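The values are calculated or read from the model by the stated rules, or taken from the named source; none is laboratory data. In this text, all values refer to a predicted model and were calculated from it rather than measured experimentally. We place every Cβ from the backbone using ideal geometry, glycine too, and count neighbours over all the protein chains shown. The protein model used for the area step is the full one, side chains on, heavy atoms only, and it has no ligands, DNA or RNA in it. Shrake-Rupley method; radii C 1.70, N 1.55, O 1.52, S 1.80 Å.
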Amino acid sequence: MPSKAAKNTRVITFAILAVSFVMYGQSITGPLIANIIADAPQYDPTFISMIQTYPCLGVIISSIAYGALSRRFSNRTLLIAATVLYVIGGVAPAFLGSDIPAILAFRVVLGLGTGIYCTIPVALIAENFEGNTGAAVNGWVQVSASIGSVVFQTAAGYIALLDWHMANYLSLLSIVACIVALLLLPKTPKDPANTALLQKAAAEERAARKSMAFSEKYPPIVIAYFVEIFLFVGGIAILMMNASIVIDMKGFGTPVEAGYALSIHTICGIIAGFIFGLVFKACKEYVLAIAAACALVSYLLCGFATNLGMVYAGAGILGFAAPWTCASLYQLIGKYSAPVASAMAVSIATALQFGAQFLLGYWLAPLCTALGLAPAGTDPFLVYAVVYGVLLVAFLVQAATGMKRRQAALLAQDSADAALSADEATTSAITVD
């Protein structure tokens, strides 16, 4: 019996990793943007570069709706629906020529499927794993997703040498992932009693949140973290939107080299994820300042690039900044929010993360233009280097002035909760006697 349970656990893990492998498939277009700009001169390059960020709108919608959908439909049904959206939104641009508005619309459809793909692994881990085992599988999810992203970006770069439209067919790999997951996932009907308990717990949590003041649920430091994750993670998309443009306009290479740059970024992100625990343990909240410094150096390298090596170095260094920032901010946001609001705080942070990438093209390009700079190419890197410099100072000030005080407040709250629990236990014992 134990061996059967272990086998089932391994099977579910493989199903989760199959889904995770394609959940960053929207990155296909990263190496293609310069080709699309050349093929559609009637459209502004900044408008075209939004092809990389428009899926984020769909991701926001479907990830927010996932909770309600999961109460109505099984994971298998949602996986099939996500794959249909993913394939339609991913493959359709292959048939749309240079109709950029239509391509953008289908990229949102792709994002709807991607949002479900991003959420299903989290749900499956919560349902099937606990404690350290669940954390380990979560780590492998990120590794699988990152490897998939490398495969998509590298393959897209080579295919674009023939025709960038054909690279969109890579989205069909989601069908393979879906079939593998469906074959491996157990067919387990929902337990009505368990569903009722979960709904009751959710209702109690909502009531507790409603009774608290906003500042109690989300202290000022959490609000600051919300703003910072919006600014920081949004800027990561500049690499995806401009790497191929910079490489093309400076004659550094082809879409193949652009794909390599984005793959180097992803590979460094994998390494960063593996060592994050050690880095955070040693540096605590100062990890955010280290990540901001990495991002600053990265964008200065890309902005002043005189050769392909500088672009590769910038992409790689940014690979360390992105996961360290997200992992640190998610952990700190959950830590410093009120317990009943921590899950909601993390959801808000997720929406801000994807929303920032979607909105980036709408505010950064006009800002560059207002400053007399080019809205695409190297200039956006330099403008955002200033943003990362400001964030570096903010993170240093927050860590230096507030870390010990906030941790002391948390310890005091933990002590108070422990004392209250002890009082309740004593009262209960007296009542029983």
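Observations on the model:
- Ordering 237, 77, 22 by the projection of their Cα atoms onto the charge dipole of the chain, which places +1 on the Cβ of Lys and Arg and -1 on the Cβ of Asp and Glu, puts 77 at the extreme positive end.
- Highest to lowest packing among 79-89, 298-308, scored as the average C-beta count within 10 Å: 79-89, 298-308
- A helix-only calculation puts the chain at -28500 deg cm²/dmol for mean residue ellipticity at 222 nm, using -39500 (n - 2.57) for each DSSP H run of at least four residues, averaged over all residues.
- Interchain or long-range residues, amide H under 5 Å from residue 378's placed H: none
- Two-decimal Rg/Rh across the range 287-351, once Rg and the Kirkwood Rh are taken from alpha-carbon atoms: 1.18
- Report note on the peptides 13-23, 331-341: ranked by the mean count of other C-beta atoms within 10 Å, highest first, their order is 13-23, 331-341.
- Scaled radius of gyration (Cα, divided by 2.2 N^0.38 Å) that the range 1-70 gives: 1.75
- Per-residue ³J(HN,Hα) for the range 232-246, Karplus 6.51 cos²θ - 1.76 cosθ + 1.60, θ = phi - 60°, Hz, x for Gly and Pro: 5, 5, x, x, 4, 5, 4, 4, 5, 7, 10, 4, 5, 5, 4
- The range 256-329 gives an Rg/Rh value of 1.01, both radii derived from C-alpha positions and Rh following Kirkwood.
- Seen through its C-alpha gyration tensor, with square-root eigenvalues sorted a ≥ b ≥ c, the chain comes out oblate because a/c lies at 1.5 or above while a/b is not bigger than b/c.
- Per-residue Karplus couplings for the range 47-58, computed as 6.51 cos²θ - 1.76 cosθ + 1.60 with θ equal to phi - 60°, are listed in order as 5, 5, 5, 5, 3, 6, 9, 4, x, 4, 4, x Hz, Gly and Pro entered as x.
- For the chain, the dipole from Cβ point charges (+1 on Lys and Arg, -1 on Asp and Glu) about the Cα centre works out to 660 debye, to the nearest 20.
- Taken one residue at a time, the phi angles of the range 280-293 give Karplus couplings (6.51, -1.76, 1.60, θ = phi - 60°) of 5, 4, 7, 10, 6, 5, 5, 4, 4, 5, 4, 5, 5, 5 Hz. Gly and Pro are set to x.
- Beyond 23 Å in Cα-Cα separation lie the following of the pairs 284/335; 210/281; 217/281: 210/281; 217/281.
- Along the axis of the charge dipole computed for the chain (Cβ charges of +1 for Lys and Arg, -1 for Asp and Glu, origin at the Cα centre), the listed residues 95, 308, 376 are led at the positive end by 95.
- Computed in the context of the full set of protein chains, the accessible area of the chain at 1.4 Å probe radius has 70% of its extent on carbon or sulfur.
- Given charges at Cβ of Lys, Arg, Asp, Glu: the chain dipole, positive-most of 298, 126, 283: 126
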